[in-house]
Amino acid sequence: CLFYRHNSLSIYLISTMKTFCVLLSICLASPASAYTTPKPNKPATISHRRAFLSKIAGATIAASSATTLNPATASAAEDNLQNVYWGAGCYWHVQHEFVLAERSILGRKDNELTSLTGYAGGFKTDSEGRVCYHNFQSIADYGKFGHGEVVGMTIPESKVEDFAVEYFKLFGDKGERADPMDKGGEYRSLLGLPGGSKHPAFPQVEAAGKARGMTLVDGKGNDPDTLGKRLVYVYDSNKFPFYQAEFYHQYHNDFLTPAYGKEYNNLANAALEDGRIKITGCPDRV
């Protein structure tokens, strides 16, 4: 999530400094071993994370090849669970809003939350199956691979419409994402459903968008920014899967609002510990 100003020099400097601060924070907090990137044996199911490093080191760790969100923690009453994702600019504040939605719409407790930051909408991964945030080593950079920032989750098919309504609220009355200072294809507005626009609930999703003055079009992959267009790309999540973001980017405070608080931030630790978050093999602080 980068910040831009009107002056072109300021844009470059602020963007560079923001990225530098994020990367420096990861570097300082992370031992050299955190940059070892084991090749995944097979795509693993998305988990939620933060156990002690000793616990993780002893386990078989899957890198971030297309991740499938794990519905195991969802209520037994939630049938026909599906993996979907939503993107509207920087994923930090989007995750926070969908955590609130999981609680209010589905009544989920903290250990049942599935909303995770990640990347989607591009064609590529690296040879290890990774998609990563910008990093000094240029490992699997999501922007270079054509992906956008998203929040993936597992929800009942019957509730897709309700979550779509919450998603389109993110654009406000002007039909613009909350952080128009973040620019580029990485911050485009996009959503992913199994089957894309052929998903059974797509007519309701499209209606929710139209009610907020938004137009939905099929995404082709590696699509450009949607800034100022009141446009949302729709992807088939089977063809354009979700790749979980690094631990550093989970349950993170957003720069546009007051801090969400330690209780929220600590959801990442619990999610890592119980396996809902995975180690991605990308440069990270764990």
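The values are calculated or read from the model by the stated rules, or taken from the named source; none is laboratory data. Here the structure is a predicted model, which means the values were calculated and not measured. Here Cβ is always computed from backbone atoms with ideal geometry, including for glycine, and neighbour counts include all displayed protein chains. These area figures cover heavy atoms from the full protein model, side chains too; ligands, DNA and RNA do not enter into them. Shrake-Rupley method; radii C 1.70, N 1.55, O 1.52, S 1.80 Å.
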Problem set entry | Filter result (of a type in the set (A, V, I, L, M) and surrounded by fewer than 24 Cβ atoms within 10 Å (Cβ to Cβ)) within region 186-204 | Ala201
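Output the residues belonging to region 164-182 that are among the small types (Gly, Ala, Ser), out of contact with any helix residue (DSSP H, G or I) (no Cβ under 8 Å at 6 or more places or on another chain) and open to solvent by 10 Å² or more (accessible area, probe 1.4 Å). Reasoning before the result, please.
Looking only at region 164-182, we keep the residues that are among the small types (Gly, Ala, Ser), and these are 164, 172, 175, 178.
Pick out the ones that are also out of contact with any helix residue (DSSP H, G or I) (no Cβ under 8 Å at 6 or more places or on another chain) and you get 172, 175.
Selection gives Gly172 alone.
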Problem set entry | Residue list for region 243-260, restricted to those being open to solvent by 10 Å² or more (accessible area, probe 1.4 Å), within 26 Å of Ile139 (Cα to Cα) and not in a helix (DSSP H, G or I) | Tyr243, His252, Asn253, Asp254, Phe255
Seminar exercise, completed: Matching residues in region 261-286 (part of a helix (DSSP H, G or I) and open to solvent by 20 Å² or more (accessible area, probe 1.4 Å)) number 6
Seminar exercise, completed: For Gly221, the lone unmet condition from (1) more than 20 Å from Gln95 (Cα to Cα); (2) open to solvent by 30 Å² or more (accessible area, probe 1.4 Å); (3) not acidic (Asp, Glu) is (2)
For this session: Please name all residue pairs, on different chains or six or more residues apart, with Cβ atoms under 9 Å, provided the first residue is in region 206-230 and is closer than 15 Å to Lys174 by Cβ and the second residue is of a type in the set (Val, Ile, Thr) and surrounded by fewer than 13 Cβ atoms within 10 Å (Cβ to Cβ).
Result: none
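Condition test on Leu116, is it open to solvent by less than 10 Å² (accessible area, probe 1.4 Å) and on the phi < 0 side of the Ramachandran plot? Spell out how you get there, then give the answer.
Working: open to solvent by less than 10 Å² (accessible area, probe 1.4 Å): yes; on the phi < 0 side of the Ramachandran plot: yes.
So Leu116 passes the test.
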Problem set entry | The lone exception for His134 - which of (1) within 17 Å of Tyr243 (Cβ to Cβ); (2) in contact with a Pro (Cβ under 8 Å, 6 or more places away or on another chain) it fails | (2)
Exercise. Hey, does region 196-211 have a residue that's among the basic types (Lys, Arg), modelled with pLDDT of 95 or more and not in a helix (DSSP H, G or I)?
Worked result: no
